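In what follows, a structure is listed as structure tokens, so that the remarks can point back to it.
The values are calculated or read from the model by the stated rules, or taken from the named source; none is laboratory data. The model shown is predicted, which means the values in this text are computed figures rather than measured ones. We place every Cβ from the backbone using ideal geometry, glycine too, and count neighbours over all the protein chains shown.
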Amino acid sequence: MTPAPRTTHLVPRVLIIAGSDSGAGAGIQGDLKTVMALGGYGTTAITALTAQNTRGVFGIHPVPEEFIRQQIRVVLEDIGTDAVKTGMLHSASVIEAVVSALAENTAPLVVDPVMVAKGGAPLLEAEAVAALKALLIPRASVLTPNLPEAELLLGRKIASGGDHPHDMLRAAEDLLALGSASVLLKGGHGEGEILRDVLATRHLPPVTFTSMRIDTPHTHGTGCTLASAIATGLAAGLPVMEATARARDYVRQAILNAPGIGHGHGPLGHGVKG
């Protein structure tokens, strides 16, 4: 059989370093669907296997650190990447392995600091928070915490209702001080009919994105999806503001087109086109 000819890559390449979701709404599975829907090509390094569905996480099986490094190495040596997105990195040793494997890679890095599953199951060991802050966040092009994750990173509560429009702005700027080039503080866990996300960057004033909340239980994987959508935009060469705006629009359409699967927090409709 004649091998296919080598060609210059024609699509944005995104390396996803995260856990597997057997329910396929979040994690590696949700990430790959997102990257494909937005016209990219996703590669993966799986950090853990999880037994989960729309009702919760029922088991976690860690992947050995050396095998995580090997997955990253062989992908970068052959396929390369235009952006990297990290998700579930459940321990300090896994974070150290990922940072080591990416040491010479200069592609934009989107860090989704996955700490707690939608159903409440912890996905990050307590001692790993220090490694996340010291080793990974300072390398990030974009950090994408939700409000509970931001509170853990900052060690304080963040008011998010309509009566406290400035607290999220202050929190986003405090998160920026942890070392990333930009921070998207997500307000999905906040209060009120208006959903607010705040994007803080190094050289511009913070920008607040607003939209009406959607009343639905089908929001499993929104954080993973948003971070991967941003990474795909960065991989395509979009500025962070434009990549974020496109990613938010895609997530909103994916929520509105959710298939209604499962008996808990159902997955998004990732097949919508961004």
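Data for the structure
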item: Verdict on LEU147 being hydrophobic (A, V, I, L, M, F, W, C), touching a His at 6+ places or on another chain (Cβ under 6 Å), at pLDDT 90 or above and under 24 Å from GLY56 (Cβ atoms); result: yes
item: Where a residue in segment 41-60 is free of Cβ contacts under 8 Å to residues at least 24 places away in the same chain and its partner, wherever it lies, is buried (at least 21 other Cβ atoms within 10 Å of the Cβ), with Cβ under 7 Å and at least six apart; result: PHE58/GLN52; GLY59/THR50
item: Number of the condition not met by GLU127 [criteria: (1) out of contact with any Pro (no Cβ under 6 Å at 6 or more places or on another chain); (2) modelled with pLDDT of 90 or more]; result: (2)
item: Segment 168-181 - residue that is in contact (Cβ under 8 Å) with a residue 40 or more places away in the chain and closer than 16 Å to LYS133 by Cβ and, of those, surrounded by the most Cβ atoms within 10 Å (Cβ to Cβ); result: SER180
item: Of all residues making up segment 13-31, the number that are in contact with a helix residue (DSSP H, G or I) (Cβ under 8 Å, 6 or more places away or on another chain) and either of a type in the set (Phe, Trp, Tyr) or not in a loop (DSSP other than H, G, I, E, B) (or both); result: 12
item: Failed item in (1) surrounded by fewer than 19 Cβ atoms within 10 Å (Cβ to Cβ); (2) modelled with pLDDT under 95, with MET115 passing the rest; result: (1)
item: Number of positions in segment 133-167 that are buried (at least 23 other Cβ atoms within 10 Å of the Cβ) and touching a helix residue (DSSP H, G or I) at 6+ places or on another chain (Cβ under 8 Å); result: 8
item: Per-region count, segment 33-43, residues assigned to a helix (DSSP H, G or I) and surrounded by fewer than 21 Cβ atoms within 10 Å (Cβ to Cβ); result: 1
item: Of the criteria (1) under 15 Å from the mean Cα position of the chain (by Cα); (2) in a loop (DSSP other than H, G, I, E, B), which one THR216 fails; result: (1)
item: Evaluation of GLY269 against (1) small (Gly, Ala, Ser); (2) assigned to a loop (DSSP other than H, G, I, E, B); (3) in contact (Cβ under 8 Å) with a residue 40 or more places away in the chain (one fails), failing number; result: (3)
